[in-house]
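Undergrad: Structure incoming, see below.
The values are calculated or read from the model by the stated rules, or taken from the named source; none is laboratory data. Keep in mind the model is a prediction, meaning the values are calculated, not measured. Quick reminder, even Gly has a Cβ in these numbers, built from the backbone with ideal geometry, and neighbours come from all protein chains shown.
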């Protein structure tokens with residue numbers, strides 16, 4: 001069976017992303033890509049719902065926090081939901097761009113997110129360091145204009161985002177059962193809605209699984225609903 005070279009490349013870089021996250025220090029650094037998108041999604045939702053963003057912190061242990069202000073319970077619920085769902089949705093959207101060959105657009109997206117966070121929200125030392133270094137990696141890749149390098153870097157970064165969006169949702173599901181008060185957004189939603197944190201954790205995990213499946217189905221021979229066949233390369 002002949003496997004297209006593109007499929008081999010995507011599969012190899014997804015495997016490389018798994019290995020990269022296991023490397024001390026470097027692994028945690030690159031896992032912050034997901035944290036960046038997660039916290040940015042919280043911030044964006046706050047702004048969409050006429051709230052405000054005080055700051056975003058990104059930490060060396062891969063954790064982060066977005067300090068936002070909102071108007072009313074509904075806005076707070078939507079802001080809390082935006083983090084995990086936003087990471088999964090952005091991951092899927094970026095892979096869809098890659099499947100269409102828009103590798104530079106993905107780099108510019110990451111650069112734009114870094115710039116917005118640097119200028120408006122992130123003020124802690126490690127967060128600034130991460131944004132400068134990660135943004136520079138993307139900028140230098142775009143500047144080099146080497147098609148194979150651009151392709152490999154963008155696939156790798158998107159694979160890191162996709163994988164950690166799935167893993168972090170699995171972790172919050174576990175925490176919502178075993179350490180409820182440490183389950184982050186699931187606990188916040190429980191406090192606001194009185195719905196058990198476990199159900200919110202389950203929601204986060206299910207949506208991450210759905211988006212992960214769709215992401216893989218774009219590249220590999222997995223069945224898609226008929227109405228979503230347009231996603232295929």
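Undergrad: Scan the range 123-156 residue by residue and report those that are at pLDDT below 95, farther than 18 Å from residue 102 by Cα and surrounded by 18 or more Cβ atoms within 10 Å (Cβ to Cβ).
TA: Across the range 123-156, there are no qualifying residues.
Undergrad: If you don't mind, there's one more thing I want to ask. In the range 160-180, is there at least one residue being under 29 Å from residue 76 (Cβ atoms), without any contact (Cβ under 8 Å) to a residue 60 or more places away in the chain and not in a helix (DSSP H, G or I)?
TA: yes
Quick grid of which residues meet (1) modelled with pLDDT of 95 or more; (2) over 15 Å from the mean Cα position of the chain (by Cα); (3) closer than 29 Å to residue 213 by Cβ; (4) assigned to a loop (DSSP other than H, G, I, E, B):
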site: 19; (1), (2), (3), (4): no, yes, yes, no
site: 37; (1), (2), (3), (4): yes, no, yes, no
site: 43; (1), (2), (3), (4): yes, no, yes, no
site: 57; (1), (2), (3), (4): yes, yes, no, no
site: 82; (1), (2), (3), (4): yes, no, yes, no
site: 90; (1), (2), (3), (4): yes, no, yes, no
site: 109; (1), (2), (3), (4): yes, no, yes, no
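Undergrad: Take residue 132 and tell me if it is out of contact with any helix residue (DSSP H, G or I) (no Cβ under 7 Å at 6 or more places or on another chain), in contact (Cβ under 8 Å) with a residue 12 or more places away in the chain and over 27 Å from residue 78 (Cα atoms).
TA: Yes, satisfied.
Undergrad: I'm checking my understanding of the structure. Among residues of the range 49-61 that are surrounded by 15 or more Cβ atoms within 10 Å (Cβ to Cβ) and free of Cβ contacts under 8 Å to residues at least 40 places away in the same chain, which one is nearest to residue 131 (Cα to Cα)?
TA: Here the answer is 51.
Undergrad: Within the range 216-229, is there a residue that is assigned to a helix (DSSP H, G or I), at pLDDT below 95, surrounded by 18 or more Cβ atoms within 10 Å (Cβ to Cβ) and in contact with a helix residue (DSSP H, G or I) (Cβ under 9 Å, 6 or more places away or on another chain)?
TA: yes
Undergrad: Is it the case that some residue within the range 4-15 is more than 22 Å from residue 124 (Cα to Cα) and not in a helix (DSSP H, G or I)?
TA: yes
Undergrad: For the range 21-34, what are the residues that are part of a helix (DSSP H, G or I) and in contact with a helix residue (DSSP H, G or I) (Cβ under 8 Å, 6 or more places away or on another chain)?
TA: 26, 27, 29, 30, 31, 32, 33, 34 - these are the residues of the range 21-34 that are part of a helix (DSSP H, G or I) and in contact with a helix residue (DSSP H, G or I) (Cβ under 8 Å, 6 or more places away or on another chain).
Undergrad: Also: Take residue 120 and tell me if it is out of contact with any helix residue (DSSP H, G or I) (no Cβ under 6 Å at 6 or more places or on another chain) and part of a helix (DSSP H, G or I).
TA: yes
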